[in-house]
Amino acid sequence: MKNKDNSKICIMIIPHTEKVKRITIPKWVPKVIITAIAIVVTVTLVFFNNMSSSEIELKEEYNNKITELSNLEKEYENKQKELEKLKSQNLELYEITNEVKNKLVEIDKLQRQLEKMAGIKSSSRGNIIRKINPEKLDPEKEMEVSKELLEDKEKELEIFIQDLEERFEYLESIPDLWPAEGELTSTFGNRKNPFGKGTQFHQGIDINNSSGTDVKAAAKGIVVFSGDKAGYGKVIIIDHGNDYSTLYGHNKKLLVNVGDKVEKGQVIAKMGNTGRSTGPHLHFEIHKSGNPINPLEVLK
Ligand SMILES: [Zn+2]
């Protein structure tokens, strides 16, 4: 009974009008209700707490996003600046490559002029006149192309200079320099014999001037004869290579010896009247492949 009383609670409801109502409930019920309420409150509190922490998280996330966004903006600005810089660099590059090409065209023109002057045709030239479109400019490619063009031109110029040097070397060996100043008194070919009757073949030209006038080498070469020759008096013969040789006769004094290397225009003798001569003059002959040729066709 006591146990039974302890385990139950009696609730009496006493209204004013009606009969008293009596409800009997087990004693553990209110405890459960209180516990339930406590749980609900706790859950609610936790829930609210969680809500506010998630709100903070959200706010933090938002702030982060804002920071990220401003960073992105800065990055974009930097990129924009970089782009501008690249653009100006591109333009600079375009100007440089164009400059390179213009210079190459100028060199090409000069080369052609030199070729014309020297009377040679150098090895084939590359096609360097290529228009470039700045909008389609690929900096690396353009640099590569410019580099290749310059390298090609360098090789080409090396060959050209070699060709020119060979040409100048050849021209230096052509006996086209007048060997003495003076008056041309006799030309190449048949002429009246100055020492007798009839005609004789004159193998060269005569240049008259006073005794002691400088006699110069008509081209560079090697002295192959320096001495007396019947009729010619004191004579110098120079071998110029390329099948050319020259003879200088009737000299008063010889200034070079056999084996000497002489330059074009070098004084090799003094004009005189030695040998069969009617007065101080230079008898000058040019031989090509061993045969005398008309010096006036060679002299400039
Ligand atoms: Zn003569």
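The values are calculated or read from the model by the stated rules, or taken from the named source; none is laboratory data. Quick caveat, the model's predicted, so the values are computed rather than measured. Cβ: placed from backbone, ideal geometry, glycine included. Neighbour counts: every protein chain shown. These accessible areas exclude ligands, DNA and RNA; they are computed on the full protein's heavy atoms, side chains included. Shrake-Rupley method; radii C 1.70, N 1.55, O 1.52, S 1.80 Å.
Scan region 230-250 and give yes if some residue there is within 23 Å of Arg191 (Cβ to Cβ), within 13 Å of the ligand (Cβ to nearest atom) and open to solvent by 50 Å² or more (accessible area, probe 1.4 Å), otherwise no.
The answer is yes; a qualifying residue exists.
Residue-wise test of (1) under 16 Å from Pro295 (Cα atoms); (2) within 13 Å of the ligand (Cβ to nearest atom); (3) not in a loop (DSSP other than H, G, I, E, B).
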{"position": "Thr185", "(1), (2), (3)": "yes, yes, yes"}
{"position": "Gln200", "(1), (2), (3)": "no, yes, yes"}
{"position": "Asp206", "(1), (2), (3)": "yes, yes, yes"}
{"position": "Ser211", "(1), (2), (3)": "no, no, no"}
{"position": "Ala219", "(1), (2), (3)": "yes, no, no"}
{"position": "Ile222", "(1), (2), (3)": "no, no, yes"}
{"position": "Phe225", "(1), (2), (3)": "no, no, yes"}
{"position": "Asp228", "(1), (2), (3)": "no, no, yes"}
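The rows are residues; the columns are (1) part of a helix (DSSP H, G or I); (2) open to solvent by 100 Å² or more (accessible area, probe 1.4 Å); (3) not assigned by TED's automatic domain parsing to the domain that holds Ile9.
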position	(1), (2), (3)
Ile33	yes, no, no
Val41	yes, no, no
Asn71	yes, no, yes
Glu82	yes, yes, yes
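Can you name the number of the only condition in (1) of a type in the set (D, E, K, R); (2) at pLDDT 85 or above; (3) surrounded by fewer than 14 Cβ atoms within 10 Å (Cβ to Cβ); (4) within 14 Å of the ligand (Cβ to nearest atom) that Glu166 fails?
It fails just one condition, (4).
Test Ile66 against the stated conditions and say whether it is among the β-branched types (Val, Ile, Thr), over 25 Å from Lys153 (Cα atoms) and open to solvent by less than 100 Å² (accessible area, probe 1.4 Å).
yes
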